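Asks: Next up is a structure, given as structure tokens.
The values are calculated or read from the model by the stated rules, or taken from the named source; none is laboratory data. Quick caveat: nothing in here was measured; it's all calculated off a predicted structure. Neighbour counts run over all protein chains shown; Cβ positions are idealised from the backbone, glycine included. Areas reflect the complete protein model, heavy atoms only, side chains present, ligands, DNA and RNA absent. Shrake-Rupley method; radii C 1.70, N 1.55, O 1.52, S 1.80 Å.
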Amino acid sequence: MSVYLVQFLSGLASASALFLAASGLSIIFGVTRVVNFAHGSFYMLGAFFGYTFVREVGGGGIGFWFALLLAALAVGLVGLVVELVILRRLYKAPELFQLIATFGVILIVQDVALWAWGAEDLLGPRAPGLTGIVRIFGTPMPVYDLALIAAGPLVLAALWLLFNRTRWGILVRAATEDREMVAALGVNQSLLFTGVFVLGSMLAGLGGAIQLPKGGADLLMDFGILAEMFVVVVVGGMGSILGAFLAAVLISLLNTFGILVWPDGTLVLMFILMAVILVVRPTGLLGRPETAGHKAEAGFETALRPAGPHYKLFIAAVLALLLVLPVLVGEFYLILVIDILVLALFATSLHFLMSTGGLVSFGHAAFYGGGAYAAALLVTYAATPFELALLLAPLGAGLLALVIGWFCVRLSGVYFAMLTLAFAQVAWSIVFQWSDVTNGDDGLLGIWPSAWASGTLVFYFLALVIAVGGIFLIRRVIFAPFGYGLRATRDSTLRAAAIGIDIKRQQLVAFVFAGAMAGLAGALFVFSKGSVFPDEMSIPRSFDALLMVLLGGVESLSGPFVGAAAFTYLHDELITFEYWRLLLGLTIVALVLLFPQGLAGAAKHYLGRYLKLEAEPTGAAVTKREVREA
Amino acid sequence: MSEAAVKPNPAAPSLAVRHLSKAFGGVQAVRDVSFDLGKGELLALIGPNGAGKSTCFNMLNGQIRADSGSVSLAGTELIGRSPADIWRRGVGRTFQITATFPSMTVAENVAMVLMSQRHELFSFLKTAVQRHRKKALELLDLVGMTGQADRPCGVLSYGDLKRVELAVALGNEPSVLLMDEPTAGMAPRERIELMGLAARLVRDLGLSVLFTEHDMDIVFGHADRIIVLSRGELIAEGTAEQIRSNPLVLKTYLGEGQIYGRKEG
Amino acid sequence: MLSVEKIHSYYGQAHILTDVSLALSTGEVVVLIGRNGAGKSTTIKSIMGMVKVTEGDISFDGEALRGEPTHRIARRGIGYVPEERRVFTRLTVQENLEAGQQPPREGAPRWRFDDLFDLFPNLAEARHRLAGTLSGGEQQMLTIARTLMGNPGCILLDEPSEGLAPVVVEQIIKVIQQIKAQGLPILLSEQNLYFASLVSDRAYVIETGRIRFSGTMHELEENAEIRQQYLAV
């Protein structure tokens, strides 16, 4: 019996750090409307700073806690810099740019942490005076856990007081609803935003620091906590701090008890819990229905128009070039172009979801990797022929998308996006942990095409036909009744529902279709490389796709292709450096700040007028919202 | 109104609403509301903001599920059905704030309805460009918008958007039309024109219309009958004359009559 | 005291206001009247720094406002009551008022909680209720009260009668008259000529982003041509 009690208390203890981090994320989003992807990095930095400060000033009971507070302050300072230098310029930009920018911060922080603290996992220092264990009905339990258990409710109470009993708190809550109105009442928005961002960062930092004696510090903490935080925020209900607390407790308890019952299945349990809660209460435990203003706007107000004559000519020229390419360049470059084709299909499938559907997925790599693994598993375990595996892989990815999408389309906007990321992380974890089948981190090897297609030249043409065919299929669907219906759900859910469109179904089918196309790209990938590793399903890979869409610009379908090429080039250039993540991160941040329309978008903007790239001017320089406000 | 071609017939209701109630977290938004919408009738629903008019509308078209009560459309119970289902059964709706698809042209907006009505939305390979254009133009002709058929909805003026919405609502050949503040945000002459157009179409097509409105000149000028909602309850029902002289309505809604009944226009 | 001279405003690429000038002096109520989409709200938002103004000058009490951020314009004494009653629905009435609080201003009437609860007795009763649970009329009163909490030197009132019950509109007329009696100038945007005529001293008629008429309310009422052409009455 006492084992369960201790297990229960231990669950409560681990809930605290998770709650601190998640509440910070929720508060920042509430006011600034930025989903701070770097929040996991702030949590990780909190742990690293804590480690250093405890060593430097952490002598004695007071010193230890002082060091943890210092760590939180230091992370707050990092948050301040990130807000001032990067986010402040992007508040009015489409959401995608903010996300990509904070993703750039993740990369930068990863390499800076690697440089400063090394690659080894750091063992957390013990808290002076709290190093012992207490026996609860005979079962031992670390004393420090009791301190952690107290920390959660303490911070919860402090936040409640801050938000309900101070003018600053009232203004923050007001700004959560209508920040423009708050400014019109004479409140300096920038200051408020900065303050909120620093507060949220400090909470993440504190969360990372206080779990130090229990969990230490390592370089994988950032993505690990990120998915958990998203689950907490979605389950608890966005914007509800108490909800975040309850969800953190629930999930931590599930984890600690899950280990007793089903050691390998904790992630699956979390998945089931999340699924059940979302089916019963789509807004989370204490969340309110999303208001229109919370909609994730990826920046797609205009629609793709059918291609104009010049654009068609341009596409034909590019295709012709691709066809004669083997004559012009050697094998090395052909392989590079295969990579680009595969990634272009992957990025186009995401672009379709984002532009036509208005659905921003943060976890699209689940289906790319899903397709790759589907093909690899079929070949490895069922000796499936290459041709059949290539056909079945998109079906497998589509099936995965059906399962994940069935839950995700119940939410909209940024909740949808966070949920896709959380599910993708679960999918990644399963592949990573289920090593009996997937070989875990060692990956699946020796997945080659049939003999007839194994030469680079033949495979190049195969990839060309499949990738270009896939992209044209996607384009066809965009202009089919299905694509129009999907666009209708993006444009106005109110009107779409009123004319009998089943919004969720339209979105789910789109999600499955996009997932299948990503899976097709994944299958091409695995046969071009001969192997697949869990990385292909990871969050960074999902971000690669977002980055390609961004680089290519969101407004044209050739964008993803340009984006894939630019991304491949960038990646190949940078990978040779030791701190390539740092460079990539800095490049991303710089690109976002300099080219808010993406590369292709910028090019099209400047060239478009002269080249008549579209069938007709949409007259849509003025968007609906602008006219309505005028 | 002079254009009354089809006489409204309250004896054969298109929509029979009985004992409709809805509470939101302890607040009774609508309480035991019953009324009939007669065939061919223009029925106005008026009342203060927050009286429950929108909640009523949302229950009628299935967006909100009623706690209790019944809504019968020519014998078919509507409570419990999805908005899409109710729409397919012939209950159309326009919104207070215009809701169109801004990235599509006017004609495409109307064509969307036709595609939805014909169950084509899961067609992947046919093209939707120019689809149902002829029928869409016919509908736009009814509301006088053919000239702007190829402009994106995002750039239309407010009054024109309202006309597009009307065409969209008619696209499904509804028998009942719910119009939420059809003339809100328009200038006096535009209001009169739009409502005149709506009334004419309704009579020609034999529709039954329930509409909310704050412009009393529109209400008194066009409605066959008026029902008044206050704090979730039906407090009055009758002709313009009866409503205008009802002391309870004057107190809770109409006030001293300062701001309606203008002579001009 | 508030003067707008020859401003041009844009939403993105769209040129919304052309050469708009207007003035508001102590103690008067001036209406900016025009149809939906004529540029009324854009004019008010331009004054508040919420819309990009590319040319022209805006000044209040001799201080230039153009190019300043919104919060600084508000602190200079411009009170803004938005259209569509943007109360903070998840804050109580009291908290909404606190959010609007600014220090008293020289030369402008000072409003305390009690003054406002006198002016809006309904709000006093609802003091601890969430603003989201108020009726539309009460919410409109709350937005006006919230703005007054900032002790403004003038008020921009954007379409206060739109979508409200006649009985509420009558209350708003009374409130406007009471505020005017305190010497606070009000710039009102409105498309209901009838409502405007009950409260305003002077009028500007705006259409497609240009001022087409300016004069006293009486002159506008006499000028059938202008009303026909631009106001569609």
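Asks: Before we move on, is residue C:130 touching a residue at least 40 places away in the same chain (Cβ under 8 Å) and more than 27 Å from residue C:50 (Cα to Cα)? Please lay out each step first, then the result.
Replies: Values: touching a residue at least 40 places away in the same chain (Cβ under 8 Å): yes; more than 27 Å from residue C:50 (Cα to Cα): yes.
In short, yes.
Asks: When only residues in the range B:237-252 that are surrounded by 20 or more Cβ atoms within 10 Å (Cβ to Cβ) and modelled with pLDDT of 85 or more count, which is farthest from the other protein chains (Cβ to nearest Cβ)? So that I can check it myself, show each step before the final result.
Replies: Residues of the range B:237-252 that are surrounded by 20 or more Cβ atoms within 10 Å (Cβ to Cβ), as a first pass: B:243, B:249, B:252.
Right, trim to modelled with pLDDT of 85 or more and you get B:243, B:249.
On the way: B:243: 12, B:249: 10 Å.
Top of the filtered list is B:243.
Asks: Counting only residues that are more than 10 Å from residue B:61 (Cα to Cα), more than 7 Å from chain A (Cβ to nearest Cβ) and aliphatic (A, V, I, L, M), how many does the range B:77-103 have?
Replies: So the count comes out to 1.
Asks: Of the residues A:303, A:244, which is at pLDDT 85 or above, outside the structural domain of residue A:90 (by TED's automatic domain parsing) and touching a Ser or Thr at 6+ places or on another chain (Cβ under 6 Å)?
Replies: Values: A:303 fails: at pLDDT 85 or above.
Going through A:303, A:244 in turn, just one is at pLDDT 85 or above, outside the structural domain of residue A:90 (by TED's automatic domain parsing) and touching a Ser or Thr at 6+ places or on another chain (Cβ under 6 Å): A:244.
Asks: I've got another one for you. Counting only residues that are assigned to a helix (DSSP H, G or I) and either in contact with a Leu (Cβ under 6 Å, 6 or more places away or on another chain) or facing another protein chain (nearest Cβ under 7 Å) (or both), which one in the range A:491-501 is farthest from residue B:95 (Cα to Cα)?
Replies: Taking the range A:491-501 and keeping what is assigned to a helix (DSSP H, G or I), we get A:491, A:493-498.
Of the ones still in play, those that are also either in contact with a Leu (Cβ under 6 Å, 6 or more places away or on another chain) or facing another protein chain (nearest Cβ under 7 Å) (or both) are A:491, A:494-495, A:497-498.
On the way: A:491: 15, A:494: 9, A:495: 8, A:497: 12, A:498: 9 Å.
Among those that are assigned to a helix (DSSP H, G or I) and either in contact with a Leu (Cβ under 6 Å, 6 or more places away or on another chain) or facing another protein chain (nearest Cβ under 7 Å) (or both), it is A:491.
Asks: When you go through B:89, B:93, B:65, B:18 one by one, which is the residue that is among the basic types (Lys, Arg) and under 15 Å from the mean Cα position of the chain (by Cα)?
Replies: On the way: B:89 fails: under 15 Å from the mean Cα position of the chain (by Cα); B:65 fails: under 15 Å from the mean Cα position of the chain (by Cα); B:18 fails: under 15 Å from the mean Cα position of the chain (by Cα).
After ruling out the rest, the residue left standing is B:93.
Asks: Conditions: (1) hydroxyl-bearing (Ser, Thr, Tyr); (2) under 15 Å from residue C:2 (Cβ atoms); (3) over 18 Å from the mean Cα position of the chain (by Cα). Residue C:80 meets all but one. Number of the miss?
Replies: Result: residue C:80 passes all but (3).
Asks: Take the residues of the range C:132-165 that are hydrophobic (A, V, I, L, M, F, W, C) and more than 27 Å from residue B:249 (Cβ to Cβ): which is surrounded by the most Cβ atoms within 10 Å (Cβ to Cβ)?
Replies: Start the filter on the range C:132-165 by keeping residues that are hydrophobic (A, V, I, L, M, F, W, C), which leaves C:134, C:141-142, C:144-145, C:148-149, C:154-157, C:164-165.
So of that shortlist, the ones also more than 27 Å from residue B:249 (Cβ to Cβ) come out as C:145, C:148-149, C:154-157.
Details: C:145: 24, C:148: 26, C:149: 22, C:154: 23, C:155: 25, C:156: 26, C:157: 28.
Checked the range C:132-165; the qualifying residue surrounded by the most Cβ atoms within 10 Å (Cβ to Cβ) is C:157.
Asks: Has the range C:56-72 got any residue that is within 17 Å of the chain's Cα centre (by Cα), within 14 Å of chain B (Cβ to nearest Cβ) and either over 24 Å from residue C:175 (Cβ atoms) or modelled with pLDDT of 90 or more (or both)?
Replies: Within the range C:56-72 (the criterion being within 17 Å of the chain's Cα centre (by Cα), within 14 Å of chain B (Cβ to nearest Cβ) and either over 24 Å from residue C:175 (Cβ atoms) or modelled with pLDDT of 90 or more (or both)), the answer is no, since none of the residues qualifies.
Asks: Given the conditions (1) more than 37 Å from the chain's Cα centre (by Cα); (2) closer than 18 Å to residue A:253 by Cα, report the number of the one that residue A:152 does not fulfil.
Replies: (1)
Asks: Next question, about the same structure. Only one residue in A:239, A:200, A:205 is outside the structural domain of residue A:115 (by TED's automatic domain parsing) and closer than 27 Å to residue A:10 by Cα, so which one is that? Give the derivation first.
Replies: Numbers: A:200 fails: outside the structural domain of residue A:115 (by TED's automatic domain parsing); A:205 fails: outside the structural domain of residue A:115 (by TED's automatic domain parsing).
The match here is A:239.
Asks: Are there any helices (runs of 4 or more DSSP H) wholly within the range B:15-129 with 2 or more residues that are more than 30 Å from residue B:141 (Cβ to Cβ), and if so which? Write out each step before concluding.
Replies: Working: elements: B:53-60, B:83-88, B:106-117.
Ranges flagged: B:53-60.
Asks: Only one of (1) touching a residue at least 24 places away in the same chain (Cβ under 8 Å); (2) at the interface with chain A (Cβ under 9 Å from one of its Cβ atoms); (3) within 21 Å of residue A:509 (Cα to Cα) fails for residue B:114. Which number is that?
Replies: Status for residue B:114: all satisfied but (2).
Asks: Further question: Looking only at residues that are modelled with pLDDT under 90 and in a loop (DSSP other than H, G, I, E, B) in the range B:145-167, which one is least open to solvent (accessible area, probe 1.4 Å)?
Replies: Here the answer is B:156.
Asks: Against the conditions (1) under 25 Å from residue B:256 (Cα atoms); (2) crowded, with 18+ Cβ neighbours inside 10 Å; (3) at pLDDT 90 or above, where does residue C:168 fall short? Just the number, please.
Replies: The one condition residue C:168 does not meet is (3).
Asks: State all residues of the range A:59-81 that are more than 28 Å from residue A:191 (Cβ to Cβ) and either of a type in the set (A, V, I, L, M) or surrounded by 24 or more Cβ atoms within 10 Å (Cβ to Cβ) (or both); if no residue qualifies, say none.
Replies: Result: A:62, A:67.
Asks: Sort out which residues of the range B:168-185 are within 14 Å of chain C (Cβ to nearest Cβ), out of contact with any His (no Cβ under 9 Å at 6 or more places or on another chain) and surrounded by fewer than 24 Cβ atoms within 10 Å (Cβ to Cβ), and write them in order of number.
Replies: B:180, B:185
Asks: How many of the residues making up the range C:213-232 are under 19 Å from residue C:28 (Cβ atoms) and within 11 Å of another protein chain (Cβ to nearest Cβ)?
Replies: So the answer is 1.
Asks: Restricting attention to the range C:77-100, and to residues there that are assigned to a loop (DSSP other than H, G, I, E, B) and more than 9 Å from chain A (Cβ to nearest Cβ), which single residue is modelled with the highest pLDDT?
Replies: Of the residues in the range C:77-100, the ones assigned to a loop (DSSP other than H, G, I, E, B) are C:77, C:82-91.
Now drop any that are not more than 9 Å from chain A (Cβ to nearest Cβ), which leaves C:77, C:83-85.
Values: C:77: 94, C:83: 87, C:84: 83, C:85: 84.
Within the range C:77-100, the match that is modelled with the highest pLDDT is C:77.
Residues are listed down the side, and each one gets a yes or a no for (1) within 17 Å of residue A:526 (Cβ to Cβ); (2) open to solvent by 10 Å² or more (accessible area, probe 1.4 Å); (3) assigned to a helix (DSSP H, G or I); (4) without any contact (Cβ under 8 Å) to a residue 60 or more places away in the chain:
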position	(1), (2), (3), (4)
A:376	yes, no, yes, no
A:380	yes, yes, yes, no
A:384	yes, yes, no, yes
A:387	yes, yes, yes, no
A:392	yes, yes, yes, yes
A:395	yes, yes, yes, no
A:400	yes, yes, yes, no
A:403	no, yes, yes, yes
A:414	no, no, yes, no
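Asks: Which ones in the range A:469-490 are in a helix (DSSP H, G or I), open to solvent by less than 40 Å² (accessible area, probe 1.4 Å), out of contact with any Leu (no Cβ under 7 Å at 6 or more places or on another chain) and in contact (Cβ under 8 Å) with a residue 24 or more places away in the chain?
Replies: Going residue by residue through the range A:469-490, those that are in a helix (DSSP H, G or I) are A:469-478, A:481-490.
Right, trim to open to solvent by less than 40 Å² (accessible area, probe 1.4 Å) and you get A:469-471, A:474, A:477-478, A:481-490.
Then drop every residue that is not out of contact with any Leu (no Cβ under 7 Å at 6 or more places or on another chain), which leaves A:469, A:474, A:477, A:483-484, A:486-490.
Those that are in a helix (DSSP H, G or I), open to solvent by less than 40 Å² (accessible area, probe 1.4 Å), out of contact with any Leu (no Cβ under 7 Å at 6 or more places or on another chain) and in contact (Cβ under 8 Å) with a residue 24 or more places away in the chain: A:474, A:477, A:483, A:486, A:487, A:489, A:490.
Asks: Sticking with this one: Looking at the structure I just gave you, is residue A:43 at pLDDT below 90 and open to solvent by 10 Å² or more (accessible area, probe 1.4 Å)?
Replies: On the way: at pLDDT below 90: no; open to solvent by 10 Å² or more (accessible area, probe 1.4 Å): yes.
Taking the combined requirement at face value, the residue does not satisfy it.
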